[in-house]
Amino acid sequence: MYSLSGYGEMIEDRVRITAYVQALRQAVRPGAVIVDIGTGPGIMAVLACQLGASRVYAIESDEIIQVARTIAAANGCADRIEFIEDLSTKVTLPIRADVIVSDMRGVLPLFERHIPSIADARRRFLAPAGTLIPQKDTIWASIVEAPERYAKIVDPWERHELGQDLMPVRRMIVNDIQKGRFKPEQLLTEPKLWATIDYADVENPDFRGSLKWTVRRAGTGHGIAVWFDTELADGVGFSNAPGAPEAIYGSMMFPWTKPLPLSAGQSVCVDLQAKLLEADYFWRWTTKIANVDAPDEIVAGFDQSQLQGTVRSLAKLRKVASDYVPRLSEEGRVQQKALEMMDGQTSLEEIARRLTTEFPKRFSRWQQALTFAGAISKDKSM
């Protein structure tokens, strides 16, 4: 969820916004039906109307959709845009769309439920011969020399004046991915293609691939830089690669456990995996570095994953074990009671007053119970 200033920064990103405008200009024909997934403040939906769309379905689960409604009204196209406040996967539309436009990536396209959402929209919303924006993303990787970015990751745990051993956290933090910006001269190897996402047929959100590089100049490797190029429409796209015009995305860094000196001609192999678990991705990267004089000899290696960098409560882990027998807490019972009363006949005030009577230790005033029930209603009711 972005703040208004965050959405403003996205609009200010000329690299991104110019490319999307060009792609929509190519795709939208007079009378076209458009679906805008993750419409945010509605900029693309309004643009589609300005380009001649007869109907736009602007889908957004966040409350920023209220801003989108205001912008649509201010630009005289509210009558052609139907705003739908929900996840696209829960939406049913009355007609198929000529164009589906979206930008739900993070620093990389493998972000939250971006790919399942687009695959679902393609199957259920897109007309035969309809157009998807974007069409394709390609993800690239290279070994990077980034001492300053690496120092920002590890220095708080290595170099401090507290007189404490913080190395256990240092060992964790290098197992998490980090956003960064890099210059082409920081890349110690030629970029290699890791994955291609063709939105016309992608189904599986998980990706895995092995990469092998030959170091092109001596330097110190700090990890793997990963970025994407996007093709929004024929001849229209942008990139967050090192050296590309600066965009809001930046690139991603997969740090190594420790920096390693590398020699020209040395081989580096990386197995990179991304797996969608529930609402977000977990990454694993395994690195093997060969002896420059004996390529079959591995002189260093790391097996890293976000799992090793995640802070986890043993008590909470126990509660998701297959043999655990759950029992509702008092808070759980309060929520259960509130949900039971949301039967389509009972008002929130009635629910709140009953909750106050039944759970006096939880709610000293019925207005507190109203706030509690209202939050549940906003999230769970139709």
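Where a number appears in this text, it was derived from the coordinates with a stated rule and is not lab data. Remember, predicted model here, so these are calculated numbers, not experimental data. Don't worry about glycine lacking a Cβ; one is built from the backbone with ideal geometry, like all the others, and counts go over all protein chains shown.
Results, tabulated for the structure shown:
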item	result
Sorted by Cβ density within 10 Å, fewest first, the residues VAL292, VAL299	VAL299, VAL292
Trypsin sites (Lys or Arg not before Pro) within segment 291-352, DSSP loop, no more than 13 other Cβ atoms inside 10 Å	ARG312, LYS319, ARG327
Interchain or long-range residues, amide H under 5 Å from THR39's placed H	ILE59, GLU60
Highest to lowest packing among 239-245, 225-231, scored as the average C-beta count within 10 Å	225-231, 239-245
Whole-Hz ³J(HN,Hα) from phi, Karplus 6.51 cos²θ - 1.76 cosθ + 1.60, for segment 115-127, glycine and proline x	5, x, 5, 5, 4, 5, 5, 4, 5, 9, 10, 8, 6
Low-density loop positions, trypsin sites (Lys or Arg not before Pro), segment 147-197 - DSSP coil, at most 10 other Cβ in 10 Å	ARG159
Neighbour net charge for ASP120 - beta-carbon separation under 11 angstrom, K R +1, D E -1	+4
Subset of LYS90/LYS136; LYS90/LYS380; LYS212/LYS258; LYS179/LYS316; LYS152/LYS179; LYS179/LYS378 violating a 22 Å alpha-carbon distance limit	LYS90/LYS136; LYS179/LYS316; LYS179/LYS378
DSSP-defined beta bridges in the chain - what % are antiparallel, rounded to 5	75
Nearby aspartates and glutamates by direct alpha-carbon distance to LYS361 (threshold 12 angstrom, same-chain neighbours under 8 apart not counted)	GLU330, GLU331
Max mean-square fluctuation residue, GNM over the chain, Cα-Cα springs under 10 Å, options LEU276, LEU51, LEU314	LEU314
The chain shape via C-alpha gyration tensor axes, a/c threshold 1.5	oblate
Centre separation in Å (Cα based) which lies between segment 60-91 and segment 219-253	30
Interchain or long-range residues, amide H under 5 Å from SER305's placed H	TRP285
Integer Hz, Karplus 6.51/-1.76/1.60 couplings in order for segment 79-96, x for Gly and Pro	6, 9, 10, 9, 8, 10, 8, 5, 6, 4, 5, 9, 9, 10, 10, x, 9, 7
Unpartnered cysteines - no second Cys beta carbon under 4.7 Å - across the chain	CYS269
Global form of segment 230-318, assessed from the alpha-carbon gyration tensor, a/c cut-off 1.5	oblate
Cα gyration tensor category, rounded, prolate or oblate, for segment 1-69 with a/c compared to 1.5	oblate
Placed amide H near GLN266: partners under 5 Å, 5+ positions off or other chain	VAL215
Whole-Hz couplings from phi, Karplus 6.51/-1.76/1.60, listed for segment 22-30; x for Gly and Pro	4, 5, 5, 4, 6, 8, 7, 10, x
